[in-house]
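Notes for the one structure printed next.
The values are calculated or read from the model by the stated rules, or taken from the named source; none is laboratory data. Everything quoted here is computed from the prediction, not taken from an experiment. Every residue, glycine among them, receives a Cβ derived from its backbone with ideal geometry; neighbour counts consider all protein chains shown. These accessible areas exclude ligands, DNA and RNA; they are computed on the full protein's heavy atoms, side chains included. Shrake-Rupley method; radii C 1.70, N 1.55, O 1.52, S 1.80 Å.
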Amino acid sequence: MSSLISANFQKILNSSFFKIDDDFEISSYAILNICLWAGIWYVLWIWIRWHHGASSFHALATVTIGFLPLALLALWNYKYGLLITIATTPLFIAPTIPHSFTQGFGDLEAACTITGYFLRSFQSREWRSLWKNNYIWLLAILVAASISLINSPLQGKTLRYGIKYGVAEIFGYILVMTFMVLLSHEIKNREKLETILQSTLASLITAIALAVAGIWASAICVGGYGAQTMLTSNGYLIASFDNPNYFSNFLIYTLPISLYFSIKFSEHKWKKTGYQALALMQILLVQATGSRSGLIGLVAIYIGWLIITRLRPKTRIFTAMFTLCLPLTLLVWWLPACTCGEAQAGICVPAQFLPFNNSDRAFSAPSIPSTNRGSVFSLPVSPPAGHGSLSSLSVAPTAIHDRALSTPSIPDEVEQLTTKSQKGLTSPVRLGLLLNAVKVWKQNPFTGVGVGLLPNISTVDHQVNRAHSVFLTTLAEQGILGLMTWLGWLCTIGLSLWRARASSNITDSLPSFLLLTYVSAGTQALFFDQNRVIWLWQFSAIAIAVYVMTQREQGPHSNGMARQVKQILHA
């Protein structure tokens, strides 16, 4: 009986809907089908969740029917799971997991993938092939995080976010790191790498579709840039990420991939035009998020694009369009920060230049309910109980935005670094969080206050948050020991990409564009906490795999830089 069930299940997997073989080959048609399936059920779940509540039978039944088949696929064959995880990465709003063990449907599918690998495909002798010397830094990160938690000065005290949240943070690291190791191991040649990149762009299309839906649902009145909806946050796009900074970070991660394909298919008119259109859409959406860190990452990509292309004739038109798009960010920042109800009441005034404004409008609550045309993405005029703000759509309670939106009482036992914003300062709330992180680090310089525990101490204008900087957050929570381990891992990724670029064929621009992703994402990390989002670990897997492939293709004793110079001279 079990063999019959297994045979029938395998027939389903080999059908034209999915069609993947044991060598990790999958058609673009199958990838798009997976994204379409996930996207349809996700939108339906979001709508039902809003109108009936996250814990309602309707919401739980919808998410079960829609995503249980994908979870079973991941458990049955972890290679399916790797692609499904990538396809569901943009679906960041997900059922709440206690203490933030996972973030989004991508993490949930990654957990199923890893479980499926250990249950059905694990062989002890494979660990040697899975292991790479670079991964020593991953173990060091976990050790440093554990030491910071064990040595935390908050142990035994009354906390809003207890030690269990720090433990969940470490388990979250283990989840994304294990997924990265498996994904990197499966990218064994150029064909498999192409499959991963296509899956990434397919997931990008899902995110863009949801973003367009958010624009359509919110841009419905004259004088105000839309209402707060399920896919927007007071005029800024969040799509399915429930935070504009996360959405901009995902767009910045995928933009160089679109640019790479536009160069690769420069001789194919329609493919080139399609990838350039996709890249321009990403550029515009980054600006629509209103994310300041996103703008910084976008400028870094623009500079890198100029360096890589050197204004070659075939890229000049797109370069001109890219250049013209950049100033549009200023327009987005000047748009009125109000709902349609405020615009119709005549009390909507244009926002000040946002980076120098005292308000953080991305998380400000609308004062007047919006009027809308009944879109499935729009908030009702009188929201149901418990659904009056965007926080009701949030993921697990330790997510950064949840901590920023919640204002519960602070236990007296833990001394708070409470800061008030100062008028005239640039983004005063975030500046206060940065200063608080530095103060916390000075008190615990070596091991920090404990991984995931900074929000117990730092609050600015009642906003409980981390430092809005990966590096300062890590320094405050894990001390110098933790920061050094993370910097070691980041340097390993950067050095791998640099060596891959030097060793690759002169016509292969992929390592250069991956290096561009590395620089832009690293620049964003200075201004936003994002070290555990799964798409950055997908990028790490691609970077390691590309380095290994280029070294294998060129041979162990080759001098990549010398060969590149010879090719230039020969040309």
For D508, D107, the accessible-area ranking with a 1.4 Å probe, largest leading, is D508, D107
Over the range 128-205, the quotient of the Cα radius of gyration and 2.2 N^0.38 Å is 1.53
If amide H atoms are modeled at 1.01 Å from N in the peptide plane, then the residues at a separation of 5 or more from L91, or on another chain, having amide H under 5 Å from its own are F105, G106
The simple spin-label model distance between Q155 and T323, using points 7 Å out along Cα→Cβ, in nm, is 6.0
Phi-derived 3J(HN,Hα) across the range 173-179 with the Karplus relation (6.51, -1.76, 1.60, θ = phi - 60°), rounded Hz, x for Gly and Pro, is 4, 4, 4, 6, 5, 5, 4
Using a 1.4 Å probe on heavy atoms of the protein chains only, the accessible area for C491 in Å², nearest 10, reads 90
Any residue on another chain or 5+ positions along whose placed amide H is under 5 Å from the amide H of H468 is listed here as D529
Once phi for every residue in the range 40-48 is put through the Karplus expression 6.51 cos²θ - 1.76 cosθ + 1.60 (θ = phi - 60°), the whole-Hz ³J(HN,Hα) values, with Gly and Pro written as x, are 5, 5, 5, 4, 4, 5, 4, 5, 5
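Of K79/K192; K269/K314; K192/K264; K79/K164; K164/K439; K192/K314, which pairs sit farther than 21 Å apart, going by alpha carbon to alpha carbon?
K79/K164; K164/K439; K192/K314
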Under the 7 Å Cα-to-Cβ spin-label approximation, E191 and A61 lie apart by a distance in nanometres of 4.5
On the formula 1/(1 + (r/R0)^6), with r taken between the Cβ atoms of W498 and K271 and R0 of 41 Å, the FRET efficiency rounded to 0.05 is 0.90
If the chain between L306 and L119 were fully extended at 0.36 nm per residue, the gain over the current Cα-Cα distance would be 62.5 nm
Note: W216 to L330 extended length (0.36 nm per residue) minus current alpha-carbon separation gives 38.9 nm
Residues whose modelled amide H sits under 5 Å from the amide H of V449, counting only those 5 or more places away in sequence or on another chain, are E477, Q478, G479
